[in-house]
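Visitor: Quick one: the structure is below, questions incoming.
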Amino acid sequence: MTGFVGVNDAARWVATTGVEAIVPGMVEYLEHDFRRWEQFDKMPRVASHTPLGCMELMPTADTELYGFKYVNGHPSNPARGFNTVVAFGMLADVSNGYPIFMSEMTLLTAIRTSSTSAMAAKALARKDSRVHGMVGAGSQSEFQALAMRAVLGLNEIVVYDIDPDAIAKFVRNLRPLGFEITVAADAAEAAAAGDVVTTCTADKRRNVILRDGDVRPGTHVNTIGGDTPGKTELDPALLDRGPVFVEFPPQTRVEGEIQAKPADFPVTELWKVIDGRVPGRTSDDQITIFDSVGFAIEDFAALRYLRDATLGTPYVTDIDLVAEPDDPKDLFGLLGALSPVG
Ligand code: NAD
C-alpha cells in the first residue's frame, strides 16, 4: 500500500500544526538535503510550455528514495477561477521502485517554497534584519511572510501588489496573526523598506518588478516569481550589484533571473553556502540575491518531512496504487479475481 495525503488532510495538518511550527522543521530537512547535494541524481525539470502556462515534472533521487513532483504555472488562471500553481508528488523506494508515499503538493509547495526562502535568508540576510518588503500578495505570499517570521523573526511587512483585492486578502489573513503591515504605494516603496525583500508575482513575461535603484545596500532579495523561460522580475542591472545565489545552475540559467545574463554570468550554488564551504554575505552593505526557481531536491525534502510528520496519524491513508498479484508474473490473474474477464 502507498501512504497518501490529500488536500483536505494536508490542509487539516497545516491548520492544526500551524505554518510557523512546520517551517523550522522543514528548513532542517532542506538544510540536511542541501548539505548532501552531491549525493543526489539531479537534472533540470522537464517542462512543457504552452501559450497559457507550463506543466513540469521535477525528479530527483538519492540511494534510498526516488521522488518527483508534477506542477504547473498558469499566470492567467486566477482570472478564470483557477489557481496559478497546483501540484502533487510522490516518493518511491529505490530498492524495488514501488511508490511508498504520495501527496497533494499545492499547499506543500507553498510551504516548501517559503521554507526554502527562509533557509536562503537565514544564510544570506543581515542578522539585524527587521522588515520584510513584499511585492506580490497572491497564493504564495502569506506562506512567505509566515516562514520569514518563523525563521528570522520578521514581524513587520511592507507589501505591494497591483491588485488591491490581493492586498486586502493578504492584510485580512495576516493582521489577525499579529503582523504589523503597511501597504506601499508601489513596488519601489516596498523594496526600499525591506531588509529582506521577496518578489512573488506571476506574469508570463520579462517584467521589471524591481529596478536597479529600488534596493538599498545591505538588502537580501528572494526573487520567487521569475521561474520560467521568458518570465523574470528583476532589472538585469540589479543582478550586477550583488552576489547571486542559485539552486541548480543548469535549470536556473534557463528559468531564473539570470536568463537575462550571458551563460557565464557568475553565480554561487546555495548548497555550498548551506554546507559552509563558501561564504554567503561578506559585508553588511552587500546586496545578496537568491534567484529562486524551485528545484526537485526541495520537493524531495518536503515530501520526506510530510511523510515523517504524518506517519501513523489520521492525515495519511493507504491507497492501492500498486498492482501486487500473488504471483509477480501473473498480472493477468488479478483480473480473474474480478471475473468476468473482458
Ligand atoms: P498568484 O497568481 O496567486 O499571485 C501573484 C500575484 O502577483 C497576484 O496577486 C498579482 O496581482 C501580483 N502581480 C502580478 N504582477 C505584478 C506587478 N507587476 N506588481 C505587483 N504585483 C504583481 O501566484 P502565486 O501562486 O502566489 O505565485 C507567485 C509566483 O511565484 C508565480 O510566478 C509562481 O510561478 C512562482 N512560484 C515560484 C516558486 C519557486 O520555487 N521559485 C514556487 C511556487 C511559485
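The values are calculated or read from the model by the stated rules, or taken from the named source; none is laboratory data. Fair warning: this is a prediction, and the values are worked out from it, not measured in the lab. Cβ placement follows ideal geometry from the backbone for every residue including glycine, while neighbour counts extend to all protein chains displayed. What goes into the accessible areas is simple: the full protein's heavy atoms, side chains included, and nothing from ligands, DNA or RNA. Shrake-Rupley method; radii C 1.70, N 1.55, O 1.52, S 1.80 Å.
Visitor: Among the listed residues ASP264, ASP285, ASP291, which satisfies the condition of being without any contact (Cβ under 8 Å) to a residue 24 or more places away in the chain and either of a type outside the set (Lys, Arg) or in contact with a Cys (Cβ under 8 Å, 6 or more places away or on another chain) (or both)?
Guide: When all the criteria are applied, what remains is ASP264.
Visitor: Right, something else. Cβ-Cβ below 6 Å, separation at least six or inter-chain, first residue in region 177-199 and among the polar types (S, T, N, Q), second outside any loop (DSSP other than H, G, I, E, B): which pairs?
Guide: THR182/VAL158; THR198/MET134; THR198/GLN144; THR198/ASN222; THR199/VAL135; THR199/ILE209; THR199/THR223; THR199/GLU233
Visitor: If you don't mind, there's one more thing I want to ask. Filter region 193-218 for residues that are surrounded by fewer than 17 Cβ atoms within 10 Å (Cβ to Cβ) and in a loop (DSSP other than H, G, I, E, B); which is nearest to the ligand (Cβ to nearest atom)?
Guide: Residue satisfying both the conditions and the ranking: ASP203.
Visitor: Mind listing whichever residues of region 17-48 are of a type in the set (A, V, I, L, M) and not in a helix (DSSP H, G or I)?
Guide: Result: MET43, VAL46, ALA47.
Visitor: Now, a different point. If I ask for residues that are closer than 13 Å to ALA120 by Cα and surrounded by 17 or more Cβ atoms within 10 Å (Cβ to Cβ), which ones from region 27-45 would you list?
Guide: VAL27, LEU30, GLU31, PHE34
Visitor: Read through the list (1) within 16 Å of the ligand (Cβ to nearest atom); (2) charged (D, E, K, R); (3) over 17 Å from ARG206 (Cβ atoms), then give the number of the only condition that ASP264 fails.
Guide: Among (1) within 16 Å of the ligand (Cβ to nearest atom); (2) charged (D, E, K, R); (3) over 17 Å from ARG206 (Cβ atoms), the lone unmet condition for ASP264 is (1).
Visitor: Let me ask something additional. Can you confirm whether ALA79 is within 11 Å of the ligand (Cβ to nearest atom) and of a type in the set (A, V, I, L, M, F, W, C)?
Guide: yes
Visitor: Of the residues ASP41, ASP33, which single one is among the charged types (D, E, K, R), modelled with pLDDT of 95 or more and touching a strand residue (DSSP E or B) at 6+ places or on another chain (Cβ under 6 Å)?
Guide: Just a single option satisfies the conditions, and that option is ASP41.
Visitor: Against the condition out of contact with any Lys or Arg (no Cβ under 9 Å at 6 or more places or on another chain), open to solvent by less than 50 Å² (accessible area, probe 1.4 Å) and modelled with pLDDT of 95 or more, how does ASP291 come out, does it pass?
Guide: Here the answer is yes, as ASP291 does meet what is asked.
Visitor: Any residue in region 101-119 that is under 18 Å from GLY136 (Cβ atoms) and among the small types (Gly, Ala, Ser) sitting within a Cβ distance under 6 Å of a residue that is open to solvent by 10 Å² or more (accessible area, probe 1.4 Å) and more than 8 Å from the ligand (Cβ to nearest atom)? List the pairs, counting only those 6 or more apart or interchain.
Guide: Note: pairs meeting the criteria are ALA110/PHE143; SER114/PHE143; ALA118/VAL151.
Visitor: Now a separate question. What residue, among those in region 295-325 that are out of contact with any strand residue (DSSP E or B) (no Cβ under 8 Å at 6 or more places or on another chain), among the acidic types (Asp, Glu) and outside any loop (DSSP other than H, G, I, E, B), is surrounded by the most Cβ atoms within 10 Å (Cβ to Cβ)?
Guide: Step by step, filter region 295-325, then rank; the result is GLU298.
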